[in-house]
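To start, the structure under review is shown below, and the notes come after it.
Read the figures in this text as sums done on the coordinates, not as results from a lab. Not measured: the values here are computed from a predicted model. Backbone-built Cβ (ideal geometry, glycine too); neighbour counts: all protein chains shown.
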């Protein structure tokens, strides 16, 4: 756990933990309780996180920035109303799967926590918004913004009193994100909106805490990915040819964790499909 402002705490992951331990989960303390932003994927992590939060207050709301399982599996272990975009609510089960699917993943990735999911039930959003939602708790305002990019329903969370913005996986600091569900052109515009915000601290979906300069470098990388696939389309390459030939490497934004050949192919193929439209 890392305290990044007076009231904001973030559980960042090392590069070695990213693939197995899920996203950066965060919470914000207010005078009337806690707001949690994304939840730990592993049950044993979720229980430790829950116990640590309980020392500071009651969880009143859980905000999910996207529908992917590494952001929502842990909802089950926390109290509070779950909030997200309509897009996240509509696709909530696509990545999470059934309770049996969750138990199988836990058996493989967190066997010590298997007993914790014997009665597992998904907790999807019960409050969903289209473009913006302002949520108030104590003296804090939480501005939830639909920012399509990494996924169509992606959510950003802005806390003006703390000058902090939570990007979800629209920004992953130090490693290549999954582009398998992305809206590439909208993603670039969403990153530009984040760069224009009055913030000091930017919490990524994965990786270390960043700032607007880091987001700008990340946007440059995404634009480079789009350009590479766009050129392949212009040159008449098929989707499969582009996936075979293109690797997203960047001197401008050196990424310390590569997604591997299978995810790299999926990334190229998704961009090809979206840009061909």
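For the chain, the equivalent ellipsoid built from the Cα gyration tensor has semi-axes of 30, 22, 17 Å, listed from largest to smallest.
So if we plug the beta-carbon distance of residue 223 and residue 130 into 1/(1 + (r/R0)^6) with R0 = 25 Å, what FRET efficiency do we get, rounded to 0.05?
Working: r = 27 Å, r/R0 = 1.09.
For R0 = 25 Å, the calculated efficiency reads 0.40.
For the chain, the longest principal axis of the alpha carbon atoms and the long axis of helix 43-54 meet at an angle near 50°.
Classify segment 49-172: rounded, prolate or oblate, from the alpha-carbon gyration tensor (a ≥ b ≥ c, eigenvalue square roots; a/c under 1.5 rounded; otherwise prolate if a/b is larger than b/c)? Present the calculation step by step, with values, prior to reporting the outcome.
Working: a/c = 2.03, a/b = 1.38, b/c = 1.47.
Judged from the Cα gyration tensor, segment 49-172 comes out oblate (a/c at least 1.5, b/c at or above a/b).
Taken along the Cα-to-beta-carbon direction at a fixed 7 Å, the label points for residue 233 and residue 276 span 1.0 nm.
Using a Förster distance of 41 angstrom, determine the FRET efficiency expected from the C-beta separation of residue 108 and residue 247, and round it to 0.05.
On the way: r = 29 Å, r/R0 = 0.70.
E between residue 108 and residue 247, to the nearest 0.05, is 0.90.
The angle separating the long axis of helix 184-195 from the principal Cα axis of greatest extent in the chain is about 50 degrees. Residue ranges 58-64, 165-171, 45-51 sort as 165-171, 58-64, 45-51 when ordered by packing (mean number of other C-beta atoms within 10 Å per residue, highest first). Quick check: from the Cα gyration tensor, does segment 51-116 come out rounded (a/c under 1.5), prolate or oblate? Verdict is oblate for segment 51-116. Taking only Cα atoms, what is the 0 to 90° angle, nearest 10, from helix 261-276's long axis to the longest principal axis of the chain? It works out to around 70 degrees.
For the pair residue 55 and residue 161 in one chain, pulling the backbone fully straight at 0.36 nm per residue adds 35.9 nm over the alpha carbon distance.
Kindly rank 216-225, 137-146 from highest to lowest mean number of other beta carbons found within 10 Å of each residue.
Details: 216-225: 19.1, 137-146: 17.6.
Descending mean neighbour count gives 216-225, 137-146.
Specify the inter-centroid distance of segment 201-276 and segment 95-168, based on alpha-carbon positions, in whole Å. After rounding, the separation between the Cα centres reads 24 Å.
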